[in-house]
Amino acid sequence: MSNFSSWFFRLRYSSSKLFYRYRTLHNKYEPTVFNNHSSRNARSTSLLPFALALSAGSFALHPHFSPSFCDSDRGVNVGGKGSTQYVVKGSQKEFPRELLEELKIICQDNISVDYDERYIHGKPQNSFHKAVNIPDVIVYPRSEEEVSKVVNLCNIHKVPIVPYGGATSIEGHTLSPHGGVCIDMSLMKTVKALHVDDMDVVVEPGIGWMELNEYLEPYGLFFPLDPGPGASIGGMCATRCSGSLAVRYGTMRDNVISLKVVLANGDIVKTASRARKSAAGYDLTRLMIGSEGTLGLITEVTLRLQKIPQHSVVAMCNFPSVKDAADVAIATMRSGVQVSRVELLDEVQVKAINIANGKNLPESPTLMFEFIGTEAYAREQTQIVRKIVSEHNGSDFVFAEEPEAKKELWKVRKEALWACFAMEPNLEAMISDVCVPLSHLGDLISRSKKELDASPLVCTVIAHAGDGNFHTVILFDPSQEEHRREAERLNQFMVHAALSLEGTCTGEHGVGTGKMKYLEEELGVEALRTMKKIKSVLDPNNIMNPGKLIPPHVCF
């Protein structure tokens, strides 16, 4: 495959899932739109009881998959303390023929055992992480009921399940180290109901955030989270993601009102009502958000929406160092200016953008801002930040208000990762995702930048600077031992630096297999044991995305 072809495949796959002949997408019914002028009534949804129980027989073993609540007992050490391995080990045995026939009855033509299709689902396209095995079967359920039946059957046969959304995760979330059934949610992408006056929407998990916003635009509404292109709402919930607008609107946990989730035994649970706030019982919604498919499969999401801003201004400016840029981001947030985005790019990242897009941007640390509100307010905030920039060694402050000009400026940021691949098309990317309290961002970036610049690997810096979230794209060849060790060293350096500054090993990308080894240092073993106890009750056979999130050395 040529360099260009390899890069193009990554780009194409990230924004458009590969479709196969046995899959056809069709709308099951039109969404219900509610507002003051609508006379249609909402469909009632029954609240199912949330009962948790352990039974003596729930830990019975099965020939295909041996569940364990201490994975280190099975020799699985990837993700454990000190692990530097990136190929996730696992055990895979013959897939039960009876189960395959039962799945065919449920899913009909929406099932595949084709090797190429299974390989694509078992090797994330945006991640260097690998597993020794790939899924045995891919199913494409069309409804919540089908998901429930599939999960229940897998639980009976004790066969592992791996949920699959937009295929944009980068920490090995969708690996299938034990084979099993990959449940691809791409056919479940219906907008079920839009409540215009309440500013919320009910959707199935397979719909992408970009598709959803296209649907919402005529109503003057939008969903404010904006991770990578191609991300699906279900996957965004599962990884508790955010994006560049989180500084204004919060992360996924702040924007989900309610979920419907299929548990490991096939039970369907509704986690909350549609009310904007509730003090009724445990917060099951937040328990599921960020659980990465280890506790249940999300089949319905109720999201809070925002009004499309009346006016916006996008600004860009340059600095002599990343420390200066970070200091301006901190000063802007402290000033009380209500920015909706504050993004930082270092000089290496800007160089990659110039190479990939034929631009001629100044190759120096760069900050990008977005201001929203009324026209007068947005312009006023722009001038306040312009003054802050001038006081912190900033230069070349430019801003745009015309739609096309703004789109062109934000394209620079949105295509940053692809620009890196265009610059080094034969390499993979290890992407750090640390986050610290805002006041420590300058210190973290300064310390990290010294290590990155001294490394023989090509490394770029991208940060959601308004909330202390810092990414580094480390380009390396995983097949070369010294490349892999150097990339891992840099990643570990930044994680440990962030943890020493009261930060986290992952601000928005999630844990998967890649970040498990840092969780004990960040949270403590008692917190991890608590997580494992919750997992053991909800998933006693350990079939739900096994080997993810909870480190294998944690036992109880």
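The values are calculated or read from the model by the stated rules, or taken from the named source; none is laboratory data. This one's a predicted model, so the numbers in the text were calculated from it and none came from an experiment. Cβ atoms come from the backbone with ideal geometry, glycine included; neighbour counts cover every protein chain shown. The accessibility values were calculated without ligands, DNA or RNA, using every heavy atom of the protein model including side chains. Shrake-Rupley method; radii C 1.70, N 1.55, O 1.52, S 1.80 Å.
Just subtract the alpha-carbon distance of residue 379 and residue 98 from 0.36 nm times their residue separation and send over the number in nm, one decimal.
Result for the pair: 94.6 nm of gain on full extension.
Using only Cα atoms, what Kirkwood radius does segment 191-307 have, in angstroms?
Radius from the Kirkwood sum: 14.2 Å.
Roughly what would the spin-label model give for residue 393 and residue 334, points 7 Å off Cα along C-beta, in nm?
Going by the 7 Å Cα→Cβ label model, 1.7 nm.
Calculated FRET efficiency, residue 555 and residue 407, Cβ-Cβ r, R0 51 Å, to nearest 0.05?
0.50
Restricting to bridges with both residues inside segment 95-184, how much of the DSSP beta-bridge set is antiparallel, in percent to the nearest 5?
20 percent
Please give the solvent-accessible surface of residue 523 in Å², to the nearest 10, using a probe radius of 1.4 Å with every protein chain present.
80 Å²
Give me the accessible area per residue for segment 306-447, probe 1.4 Å, as a whole number in Å².
For segment 306-447, the solvent-accessible area averages 42 Å² per residue.
If I compute solvent accessible area with a 1.4 Å probe over the protein chains, what percent of it on segment 311-500 is carbon and sulfur?
Carbon with sulfur: 50 percent of the solvent-accessible area.
Any chance you could run the full-extension gain for residue 447 through residue 500? It's 0.36 nm times the residue separation minus the Cα-Cα distance, nm to one decimal.
Length difference between fully extended and current span is 17.9 nm.
R0 = 51 Å: FRET efficiency of residue 307 with residue 521, Cβ-based, nearest 0.05?
In this case the efficiency is close to 0.75.
Expressed as a fraction of 2.2 N^0.38 Å, the rule-of-thumb size for a compact globular protein of N residues, what is the C-alpha radius of gyration of segment 311-500?
The reported ratio for this selection is 1.02.
Any lysines with Cα under 16 Å of the residue 270 Cα? List them, leaving off those in the same chain fewer than 8 positions away.
Reachable lysines: 192, 260.
Please compute the modelled spin-label separation between residue 533 and residue 489, points set 7 Å along Cα→Cβ, answer in nm with one decimal.
4.1 nm
In sequence order, what are the phi-derived ³J(HN,Hα) couplings for segment 355-372 according to the Karplus relation 6.51 cos²θ - 1.76 cosθ + 1.60 with θ = phi - 60°, rounded to whole Hz, with x for glycine and proline?
With coefficients 6.51, -1.76 and 1.60, one gets 5, 6, 10, x, 8, 9, 6, x, 8, 8, x, 10, 10, 10, 10, 9, 10, 10 Hz.
Relative to the compact-globule scaling 2.2 N^0.38 Å, provide the ratio for the alpha-carbon radius of gyration of segment 273-376.
That works out to 1.56 for segment 273-376.
Roll a 1.4 Å probe over the protein heavy atoms and report the accessible area of residue 197 in Å², nearest 10.
80 Å²
Given charges of +1 on the Cβ of Lys and Arg and -1 on the Cβ of Asp and Glu, with all other atoms neutral, how large is the dipole of segment 95-184 about its Cα centre, in debye to the nearest 20?
With only Lys, Arg, Asp and Glu charged at Cβ, the dipole is about 280 debye.
Above 21 Å lies some portion of the pair distances; for segment 95-184, what is it as a whole percent of all C-alpha pairs?
Across segment 95-184, Cα pairs with separations above 21 Å total 24 percent.
Could you list the GluC sites (Glu not before Pro) in segment 428-508 that lie in coil according to DSSP, counting only those with at most 12 other Cβ atoms within 10 Å of their Cβ?
Answer by residue number: 502.
For labels at residue 143 and residue 357 in the simple 7 Å Cα→Cβ model, what's the distance in nm?
Calculated label separation equals 4.5 nm.
Carbon and sulfur together cover what percent of the accessible area of segment 91-141 at a 1.4 Å probe radius?
Looking at segment 91-141 in its full context, I get 48 percent from C and S.
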